[in-house]
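The values are calculated or read from the model by the stated rules, or taken from the named source; none is laboratory data. The structure presented is a predicted model; accordingly, all values stated were derived computationally and were not measured. As a convention, Cβ positions derive from the backbone with ideal geometry for all residues, glycine included, and neighbour counts pool all protein chains shown. Just so you know, the surface numbers come from the protein's heavy atoms only, side chains and all, with ligands and any DNA or RNA stripped out. Shrake-Rupley method; radii C 1.70, N 1.55, O 1.52, S 1.80 Å.
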Amino acid sequence: MLSKGKVNLKLIRENLLKLEKEKNKKIPVMLNDKVDEFINWYFKNMIKGEYTDIGEYYEPIEMRNFIEKMAVWYELRYPDYEINRLMPGSNQENSEIDDIMFNKNRYINEQFDEDSEVRLIDWAEFYNTNAFIKSLPSSERYFLERPKYNTIVYIDPNHRNAHLHLTSNGVVLESEGLDRYTNFKIKDKDIENMHVEDVVKYLKGKGIVLPSDNELEKTINNVKKWKYQKEEMLNCVMYRIIERGGNRIGPRRAFLFAKEFGRNIDIPMIYGIDYSDPGLNEFIDEYIKSGGSEYLKCYVEYFSRASKYEPVDIVSIKDIKKLSSNYCISKYTPQETLLYQRLVNVLASQIDTEELKKEEVKQLRLKRKLEKSKNNLKG
């Protein structure tokens with residue numbers, strides 16, 4: 001239990017620096033650096049050698065621009081004041097996006113009367129993901145397409161008789177020439193309805209050596225790269241949503257994005273610890289209810305650093321919840337409470353139990369002497 005006396009924040013900081021030796025501090029992983037890493041991967045694995053020099057220059061830029069466009073779309077779909085209404089974190093504005101778009105919109109007012117059902121439309125549902133994707137030009141819609149396997153793949157590109165016909169999901173519809181290619185170790189019908197990845201394992205298991213440039217493994221690897229590209233691109237959208245939104249709105253908006261697009265909900269929470277945030281506990285509760293872990297380690301005040309190399313404190317969700325339940329939480333700032341609790345924990349771990357018992361005996365003796373002295377004075 002924390003003392004009700006005034007906390008000396010400066011003294012606590014000094015003691016923590018001496019006792020903990022910065023063991024609870026860490027330089028955070030920069031979200032913008034993760035975007036840069038993906039763009040570099042995209043260039044090396046999807047662009048280099050596949051385009052002209054001009055294409056190699058512009059394609060990574062186009063990918064970065066699309067990531068930004070998708071982040072901006074989510075901001076337009078869920079403006080700051082709507083995020084704050086869904087998961088409060090600061091003073092609420094009077095603005096409501098539904099009202100702005102369908103009641104105070106001059107075009108709507110000119111075209112529809114006051115009782116029109118158009119005014120009942122929910123903006124977030126109206127500007128939904130499907131509508132956004134369909135509104136994109138084909139060159140950008142392409143980024144969000146589902147990876148597909150080649151419809152025809154040749155076992156040996158130099159001898160185009162043995163080949164497989166695949167579905168877009170990679171399942172063998174028909175095999176031609178495989179029996180002759182394998183000297184009848186495998187029949188064409190043996191691999192029909194088998195996934196191409198299983199076909200490769202099956203062939204190797206039968207001792208069939210595939211050419212290094214075989215199209216079976218090539219299409220498998222291409223699909224894997226495409227899947228990674230799409231998944232990491234969506235992760236980068238989430239990273240940009242966090243960075244663009246700042247300490248409170250960014251993580252909350254990214255949390256909604258993560259739930260909708262199947263991203264890791266830990267990421268918004270890791271970057272969303274702002275001790276001055278009055279809605280922090282509610283945000284944490286939403287995270288836990290959505291399957292989050294109370295043992296998740298988070299960066300404290302990620303957005304309050306002076307440089308990307310400045311370390312920050314690391315704290316678990318469980319510790320934050322523990323501190324917030326303390327009766328003194330409203331008396332002191334969260335920073336003071338956390339620092340004080342950490343100091344208590346560190347000091348407690350260094351106490352010698354035997355010395356503690358001796359001290360307790362001394363205190364008991366002193367108490368008895370004082371009581372005896374008081375009684376003698378009364379007598």
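Details
- Using R0 = 45 Å, the C-beta based FRET efficiency linking Glu114 and Lys321 works out to 0.40.
- In this rough spin-label picture, where each label sits 7 Å from Cα along the Cβ direction, the Arg85-Lys189 distance is 6.4 nm.
- Per-q log10 I(q)/I(0), the stretch 217-265, q = 0.13, 0.19, 0.22 Å⁻¹ (Debye; single scatterer per alpha-carbon; no solvent): -0.36, -0.60, -0.70
- Over the stretch 77-116, volume per residue of the alpha carbon convex hull, in Å³: 77 Å³
- Fully extending the segment from Lys218 to His165 would add 17.6 nm, taking 0.36 nm per residue of separation and subtracting the current Cα-Cα distance.
- Looking at the stretch 25-140, the accessible area is 63 square angstrom per residue; that uses a 1.4 Å probe and ignores ligands, DNA and RNA.
- Charge context of Glu37, other residues only, Cβ under 13 angstrom, K/R +1, D/E -1: 0
- Entries in Lys204/Lys230; Lys187/Lys218; Lys26/Lys321; Lys44/Lys148; Lys44/Lys227 that, when Cα-Cα distance is taken, lie over 24 Å: Lys204/Lys230
- Expressed as a whole percent, the proportion of Cα-Cα pairs in the stretch 165-299 lying more than 17 Å apart is 68%.
- Whole-Hz ³J(HN,Hα) from phi, Karplus 6.51 cos²θ - 1.76 cosθ + 1.60, for the stretch 151-162, glycine and proline x: 6, 10, 10, 9, 5, 10, x, 7, 9, 8, 9, 8
- Cα-only radius of gyration and Dmax that characterise the stretch 71-144, units Å: 14.7, 41
- Among the protein heavy atoms, those of Ile186 account for about 0 Å² of accessible surface (1.4 Å probe, every chain in place).
- Size of the stretch 236-313 as Cα extents on the principal axes (Å, biggest first): 32, 25, 21
- The relative contact order of the stretch 18-127 comes to 17 percent, based on Cα pairs under 8 Å that sit 6 or more residues apart.
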